[in-house]
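Step one of this worksheet: look at the structure below.
The values are calculated or read from the model by the stated rules, or taken from the named source; none is laboratory data. Computed from a prediction, not measured in an experiment: that's the story for all the values here. Note that each Cβ is placed from the backbone with ideal geometry, even for glycine, and that neighbours are counted across all protein chains shown. All accessible areas refer to the heavy atoms of the entire protein, side chains included, with ligands and DNA or RNA removed. Shrake-Rupley method; radii C 1.70, N 1.55, O 1.52, S 1.80 Å.
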Amino acid sequence: MDKARYLFPSDYMADPSANVFNGKLYIYPSHDWDSGAAFDDDGGHFQMKDYHVLSFEDVENGEATDHGVILAVEDIPWAGRQLWDNDVVEKDGKYYLIFSLKDKNDVFHLGVAVADRPEGPFTPQPDPIRGSYSIDPCVFKDDDGSIYTYFGGIWGGQLQRYKDNKALGKEHLPEGDEPALPSRVAKMTDDMLQFAEEPRPVIIVDDNGEPLKANDPHHFFEASWMHKMNGKYYFSYSTGDTHFICYAVGDNPYGSFTYKGVILEPVVGWTTHHSIVEFKGKWYLFHHDCVPSNDVTWLRSLKVKELETDADGNIKTMKSE
């Protein structure tokens, strides 16, 4: 497919987490709506209150099946407000949705909800994952069956409030030549309900092995995603206010990951968020923009474009068009 395709024009959805289950493609997005909340750096205008799941038999030409609401704020015992990004993984015939949500104190944590089918509905656990914080989970199952959750987002995602997995008395954003603030990764327990370890930093380094600096326009901001291709681990992410989707490559799920380049140039709209998955022999990049809403940054629409790589596994830079 030469041009990107809008996947679900009848509603505003964003942050697509794409997964293949039982030979079918499923997308677990955020669900945008106009709440009337004001724009601010804390993300107050993103007031998502439920999740849907979309499925596809043919992502290039077929229509989406909307399976309806699979989880809503009012279903979750510890909920405050704002259901942000989520992802789903299968283990032993069960499906686990890892989601980000503010608690009653307006602090983001990650939660788990469980279903018997990828279409849901999902039943949430009574409490968030112990030791979890921030937003944008990506749940990655490795070839040996081990499952890891990558997470973290700056500004409204609250990652700058933490250091060494402990809340800071005063938030800190690195500046200048300080190492950039990294995302986090933690292996999950066998029952998929908790972290099996303390979250670790996901370090992105340059060709000299030095961590990317805070003043590098390609440093991590949010939207972690992990996929594995030809035995290598590809960690991709959004750069926030420079509006790129970038990627780095490593030899194991924890990294470090060597920065390789830009996957997607800036789209229309402030946020950039994506996922990458292989489906029916092709690799695809799922993302969103704000073209259909006339650049209303909190009303985003899902898109897909075929991912292109060269013979060495390098991902080619593309535009959203």
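Below are the figures for this structure:
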item	result
Most to least accessible of Leu173, Leu193 (protein chains only, probe 1.4 Å)	Leu173, Leu193
Carbon + sulfur, % of accessible area of the range 234-312 - ligands and nucleic acids excluded, 1.4 Å	45 percent
Candidates Thr271, Thr65, Thr123, ranked by Gaussian network fluctuation over the chain, Cα under 10 Å, top entry	Thr65
Max mean-square fluctuation residue, GNM over the chain, Cα-Cα springs under 10 Å, options Lys260, Lys187, Lys282	Lys282
Enclosed volume per residue, in Å³, of the convex hull spanned by Cα atoms of the chain	125 Å³
Candidates Lys213, Lys94, Lys305, ranked by Gaussian network fluctuation over the chain, Cα under 10 Å, top entry	Lys94
Amide N proximity, the range 212-240 versus Val20 label position 7 Å along Cα-to-Cβ, cut-off under 15 Å	227-231
Solvent exposure ordering (accessible area, 1.4 Å, most first) of Tyr12, Tyr259	Tyr12, Tyr259
Phi-based couplings in Hz for the range 252-259 (Karplus 6.51, -1.76, 1.60; Gly and Pro marked x)	8, x, 8, x, 5, 10, 8, 4
Extension reserve of the Asp206-Leu193 stretch, reckoned as 0.36 nm per residue once the Cα distance is removed	1.2 nm
Fully extended contour minus Cα-Cα distance, from Ser146 to Val291, at 0.36 nm per residue	48.3 nm
Accessible surface, per residue, of the chain when the full set of protein chains is kept, probe 1.4 Å, Å²	41 Å²
The range 69-131, relative contact order [Cα under 8 Å, separation at least 6], %	32 percent
For Cys246, solvent-accessible area (1.4 Å; no DNA, RNA or ligand), Å²	0 Å²
Cα centroid separation, the range 15-54 to the range 176-233 (Å)	22 Å
Label zone at Thr317 (point 7 Å along Cα-to-Cβ), backbone N below 19 Å, the range 224-255	235-249
Heavy-atom accessible area order for Arg81, Arg130, Arg184, largest first, 1.4 Å probe	Arg130, Arg81, Arg184
Relative contact order of the chain, pairs being alpha-carbon contacts under 8 Å that are 6 or more residues apart, as %	16 percent
